[in-house]
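Visitor: One structure, pasted below without further comment.
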Amino acid sequence: MAQNMPAYKGELINLYADSAKSNRLKASAQSLPSWDLSLRQQSVIELLMSGALSPLRGFMGQADYQAVLDKGQLADSSLWPLPITLDVSEKCAEGLSAGSQLVLRDLEGVVIAILTVDEIWRPELGVEARAIYGADSSSHPGMAALLDYSHPVYLSGAIQGLETPAHHSFKRLRYSPRELRQQFSKLTWGNVIAMHSTRPIHRAEYKMVMQAALDNDANVMLHPLVAEGEQYHSRVRCYQEVLKYFPEQTTLLALLPLAERHAGLREQILHAIIRQNYGCTHMIVWDQYATFDTQSTIDAALAEAVVAELDIKLVRYELPVYVEARGEYVSPAKLQAGDVAVTLDSDEFYRRLDRDLEVPEWFSFPEVVDEVRSSYPPLARRGLTLFFTGLSGSGKSTIANAVLAKLLEIGGRHVTLLDGDVVRTHLSSELGFSKEHRNINIRRIGYVASEITKNGGIAICAPIAPYKSLRREVCDMVSEYGTFVEIHVATSLEVCEARDRKGLYALARAGKIKEFTGISDPYEEPESPEIRIDTNGISIEEAAQQVFHYLRKERLTA
Ligand code: PPS
């Protein structure tokens, strides 16, 4: 590759204290107040300390913050697209004032950095969200994340870095900006083009990167985002497989520890600044940034500023499409009359994986498809939670047991039954039946079910779970890893009470059991469960069959 432009060498901030100072600060940390960083905050601090967010030296104060929201600039008018802030709880902020020192710890309690507090303020998160995500985007994932997870108080101030947050996986793929710049210099790489990515790289992306490298006489740095706490390991293994297809001498894979903010153009500029700090001369701008683009009104002005101010060159590419008749990928702009492009979008790709169908060779690399399939098996082999809900005595446990027996007969996946009574004996023995305790109980069941689902097993839960909001919470927890099926055992209160197998309804009517579901405590019926079983006049066997019909129809079992 030609080296007509040196890898970027602009000034890198280094916020790490030298070893003598670091030892002094660590000793003093014991007596200072501290804040436990979330994984999201930990990533930002790591980037701040290593200089990846140069020229920032810490968390933004109000003047910078406001200028960023209004104009996509810092108060000194230099380009900066997104707030870099530290949000903490009211409790943490209580004893702090300007000049206080706050110890920032990771989840294990290790001291990562010390913040010298400058300003303390309470942002209007709604205003921040609208500035970034546009006025009318309450369902925007970035906005929802900001409003859900941000603590109410922002702290600004300079940071003294003491320890790089530990990463235990893919250590060889993790570089600081300094290390990467050194690497580029050692390899005598001139132009380096960064490829940002949050999804596996298939053939179209591969062709696009190869073309961009050729067009710009550049070496390639694959620089995917990996947010700690997320399931990125399989994706990284995919990149490692794809790397084998790139020319070894001119391609490097490095991980960028940062969560996506879904902030469209603003985020794209932040990534450009970060890549510039890592020493890249170019960055590919491609369709991926178009997802959840913001409607923020200052975008056009920002775009101009980017071209003018950044030292990194943003090069726009469209994903090429495959023309079967020609046996090659073609840029959409270069399609000729009569060319028929075949496409396979992400939804179709995952639909095929769900159903264990073929993925065409032209779409991806066999090693990548194998890797994706191993972490995302067909529905019939993926983790699953069957969540029965219904009144006491509705027949949940009996049906759940029948379903358990059938699933064990089919085999192939480990099955665990988390029956209401059993859970209350072993997992929730200290809990009663107040709303608060029931919610804790259901959260525990949800957590265990989500772990079972994550590991490819089947969890069958059969609690009363009277509250909709908690059933939704469990659904969200499980859906992150596999399929959640809500099964309402809709036996009426009259029938449950008439049966009264345990004699509890009689006791409840007599006021001897308080807060009894259906009698003196609510049961919120599921509005649209995946399965509703009306047990009136049907046998246990027939009820279990209904569950199996659904599982087969949805291809959730063999
Ligand atoms: S919850 O609401 O989901 O936490 O309840 P769960 O863990 O499923 O426990 C329900 C079983 O506890 C017995 N029991 C009561 N149920 C409802 N309300 C009150 N106050 C109560 N006190 C004890 C009852 O036997 C339930 O068992 P099942 O199998 O549902 O009949």
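Coordinate-derived values only; no laboratory data. Please read all numbers here as calculations on a predicted model, not as lab measurements. Cβ atoms come from the backbone with ideal geometry, glycine included; neighbour counts cover every protein chain shown.
Visitor: Output the relative contact order of the stretch 97-251, whole-number percent, from Cα pairs under 8 angstrom with separation of 6+ residues.
Guide: Relative contact order, the stretch 97-251: 17 percent.
Visitor: What percentages, rounded to whole numbers, describe P(r) for the stretch 345-442 computed over all alpha carbon pairs with 10 Å bin width beginning at zero?
Guide: Answer for the stretch 345-442: a P(r) of 12, 30, 22, 20, 12, 2 percent.
Visitor: Relative to the Cα centre, what is the charge dipole magnitude of the chain, using +1 at the beta carbon of each Lys and Arg, -1 at the beta carbon of each Asp and Glu, and rounding to the nearest 20 debye?
Guide: That gives the chain a dipole magnitude of about 1240 debye.
Visitor: Using all alpha carbons of the stretch 405-507, what is the percent of pairwise distances in each 10 Å bin, ordered from the shortest bin to the longest?
Guide: The percentages, shortest bin first, are 14, 40, 35, 11, 0.
Visitor: Which percent, nearest 5, of DSSP beta bridges in the stretch 19-161 are antiparallel?
Guide: 85 percent
Visitor: Can I ask one more? Once you treat every alpha carbon in the stretch 321-375 as an equal point and sum by Debye, what is log10 I(q)/I(0) at q = 0.15 Å⁻¹?
Guide: The Debye formula, applied to the Cα set alone, gives -0.49.
Visitor: Restricting everything to alpha-carbon atoms, can you work out Rg to Rh for the stretch 171-317 with a Kirkwood hydrodynamic radius?
Guide: 0.94
Visitor: Which of the pairs Lys313/Lys334; Lys396/Lys468; Lys396/Lys514; Lys171/Lys454; Lys21/Lys186 have their Cα atoms more than 26 Å apart in this structure?
Guide: Table pairs above 26 Å Cα-Cα are Lys21/Lys186.
Visitor: Still on this structure: Counting other beta carbons within 10 Å of each residue's own, what order do Arg351, Arg266 fall into, fewest first?
Guide: In order of increasing Cβ crowding within 10 Å: Arg351, Arg266.
Visitor: Can you put Asp87, Asp76, Asp354, Asp370 in order of Cβ neighbours within 10 angstrom, beginning with the fewest?
Guide: Asp76, Asp370, Asp354, Asp87
Visitor: If I take the Cα coordinates of the stretch 379-553 and project them onto the principal axes, what are the three extents in Å, biggest first?
Guide: Result for the stretch 379-553: principal-axis Cα extents of 48, 35, 28 Å.
Visitor: State the answer as a single residue: which of Ala259, Ile538, Ala227 lies farthest towards the positive end of the charge dipole of the chain, with beta carbon charges of +1 for Lys and Arg and -1 for Asp and Glu, about the Cα centre.
Guide: Ile538
Visitor: Continuing with the same structure: Kyte-Doolittle cut-off 1.0, length cut-off 27 Å along the helix's own axis using Cα: show which whole DSSP H helices in the chain pass.
Guide: Helices meeting the span and hydropathy rule in the chain: none at all.
Visitor: Could I ask something else about it? Based on C-alpha coordinates, I'd like the Rg and Dmax of the stretch 475-527, in Å.
Guide: Looking at the stretch 475-527, its Cα Rg and Dmax stand at 15.0, 44 Å.
Visitor: While we're on this one: So what is the relative contact order of the chain, in percent, for Cα pairs below 8 Å that sit 6 or more residues apart?
Guide: 13 percent
Visitor: How big is the equivalent ellipsoid of the chain along its three axes, where each semi-axis is √(5λ) from the Cα gyration tensor, reported in whole Å from largest to smallest?
Guide: 48, 33, 20
Visitor: Each label point is 7 Å from the Cα along the Cα-to-Cβ direction; what then is the distance between the points at Asp36 and Ser97, in nm?
Guide: Those two pseudo-labels are separated by 2.9 nm.
Visitor: Pull out the extension gain between Ser89 and Arg509, defined as 0.36 nm times the separation in residues minus the alpha carbon to alpha carbon distance; nm, one decimal.
Guide: Stretched out fully, the Ser89 to Arg509 stretch lengthens by 146.7 nm.
Visitor: Which residues make up the longest stretch of the chain that has no GluC sites (Glu not before Pro) in a DSSP loop with at most 11 other Cβ atoms within 10 Å?
Guide: In short, 125-357.
Visitor: Also, quick follow-up: Order of Thr453, Thr389 from fewest to most other C-beta atoms within 10 Å?
Guide: Ranked by crowding around the Cβ, least crowded first: Thr453, Thr389.
Visitor: Estimate the FRET efficiency between Lys468 and Asp148 by the formula 1/(1 + (r/R0)^6), using the beta-carbon distance for r and 22 Å for R0, to the nearest 0.05.
Guide: Result of the calculation: an efficiency of 0.75.
Visitor: In debye to the nearest 20, how big a dipole does the stretch 321-375 give about its Cα centre with +1 on each Lys and Arg Cβ and -1 on each Asp and Glu Cβ?
Guide: Approximately 200 debye in magnitude.
Visitor: Now, a different point. Once R0 is set to 22 Å, what does the formula 1/(1 + (r/R0)^6) return for the Cβ-Cβ distance between Lys21 and Ser185, expressed as a FRET efficiency to the nearest 0.05?
Guide: It comes to 0.20.
Visitor: Run the numbers on the stretch 321-375 and let me know its relative contact order in percent, using alpha-carbon pairs under 8 Å that are six or more apart.
Guide: 27 percent
Visitor: Further question: Only bridges whose two residues both fall in the chain count here: according to DSSP, what percent of them are antiparallel, nearest 5?
Guide: So the antiparallel bridges in the chain amount to around 35 percent.
Visitor: Moving on. Residue by residue, what Karplus-based ³J(HN,Hα) values in Hz, rounded to whole numbers, does the stretch 413-423 have, using 6.51, -1.76 and 1.60 with θ = phi - 60° and x for Gly and Pro?
Guide: These are the phi-based 3J(HN,Hα) values: 10, 6, 10, 10, 9, 10, 6, x, 4, 5, 4 Hz.
Visitor: Considering only C-alpha atoms, what is the centroid distance from the stretch 352-421 to the stretch 252-272, in Å?
Guide: 34 Å
Visitor: I want to check the label-to-label distance for Leu493 and Glu309. Put each point 7 Å from Cα in the C-beta direction and report it in nm to one decimal.
Guide: 6.3 nm
Visitor: What distance in nm separates the simple spin-label points at Ala227 and Thr116, each placed 7 Å from Cα in the Cβ direction?
Guide: 3.3 nm
Visitor: Give me, ordered by chain and number, the residues 5 or more places off Ile112 or on other chains with an amide H under 5 Å from its own placed amide H.
Guide: For Ile112, the qualifying residues are Leu104, Arg105, Asp106.
Visitor: Here is a follow-up. Cα atoms only, the stretch 1-152: Rg and Dmax in Å?
Guide: Using the Cα atoms of the stretch 1-152, the pair Rg, Dmax is 17.4, 57 Å.
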